[in-house]
Amino acid sequence: QVQLVESGGGLVQPGGSLRLSCAASGISFSVYDMGWYRQAFGKQRELVAAISSFHYTNYVDSVKGRFTISRDNAKNTVYLQMNSLKPEDTAVYYCTARLTIHNYWGQGTPVTVSS
């Protein structure tokens, strides 16, 4: 059974930081491309950051220079370090694992950026 369990979300003030974690089980983690999506209220889900099995990374323009995605294959975990957070970063953040036709999602962790 595949499980992706996100943690680390919460309430933070503008300019603050959070680190999201996603622990995977039931998959050969190291060969999967991993990603973080987010969905704000009333908006479509968007890809925030992705890291391939070869550790290539890409980011949506709005988070470049502020967010960093990384992975630890020994711990089967992918991270999203979020710095200089803005109110527009408020959303539910989802972890994904993808390999060819296989695509798995976590349950999401909410992030609220507000003073």
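Things worth noting here:
- Conditions (1) open to solvent by less than 60 Å² (accessible area, probe 1.4 Å); (2) of a type in the set (Val, Ile, Thr); (3) without any contact (Cβ under 8 Å) to a residue 60 or more places away in the chain: number failed by Thr68: (1)
- Restricting the first member to the stretch 1-29 and to residues that are farther than 22 Å from Glu88 by Cα, and the second to residues that are assigned to a loop (DSSP other than H, G, I, E, B) and basic (Lys, Arg), the beta-carbon pairs closer than 9 Å and six or more apart or on different chains are Ala23/Lys75; Phe29/Lys75.
- Looking only at the stretch 7-47, residues that are outside any loop (DSSP other than H, G, I, E, B) and within 15 Å of Gly106 (Cα to Cα) come to 17 in all.
- Among the residues of this structure, Thr109 counts as one that is closer than 17 Å to Leu11 by Cβ, touching a Phe, Trp or Tyr at 6+ places or on another chain (Cβ under 6 Å) and β-branched (Val, Ile, Thr).
- Qualifying residues in the stretch 48-65 (those that are among the hydroxyl-bearing types (Ser, Thr, Tyr) and assigned to a strand (DSSP E or B)) - the one most open to solvent (accessible area, probe 1.4 Å): Thr57
- Leu85 more than 17 Å from Arg45 (Cα to Cα) and aliphatic (A, V, I, L, M): yes
- Looking only at residues of the stretch 1-22 that are more than 10 Å from the chain's Cα centre (by Cα), among the hydrophobic types (A, V, I, L, M, F, W, C) and closer than 15 Å to Ile69 by Cβ, we find that the one that is most open to solvent (accessible area, probe 1.4 Å) is Leu18.
The values are calculated or read from the model by the stated rules, or taken from the named source; none is laboratory data. Quick caveat: nothing in here was measured; it's all calculated off a predicted structure. Here Cβ is always computed from backbone atoms with ideal geometry, including for glycine, and neighbour counts include all displayed protein chains. Protein only, heavy atoms only, side chains kept; ligands, DNA and RNA dropped before computing areas. Shrake-Rupley method; radii C 1.70, N 1.55, O 1.52, S 1.80 Å.
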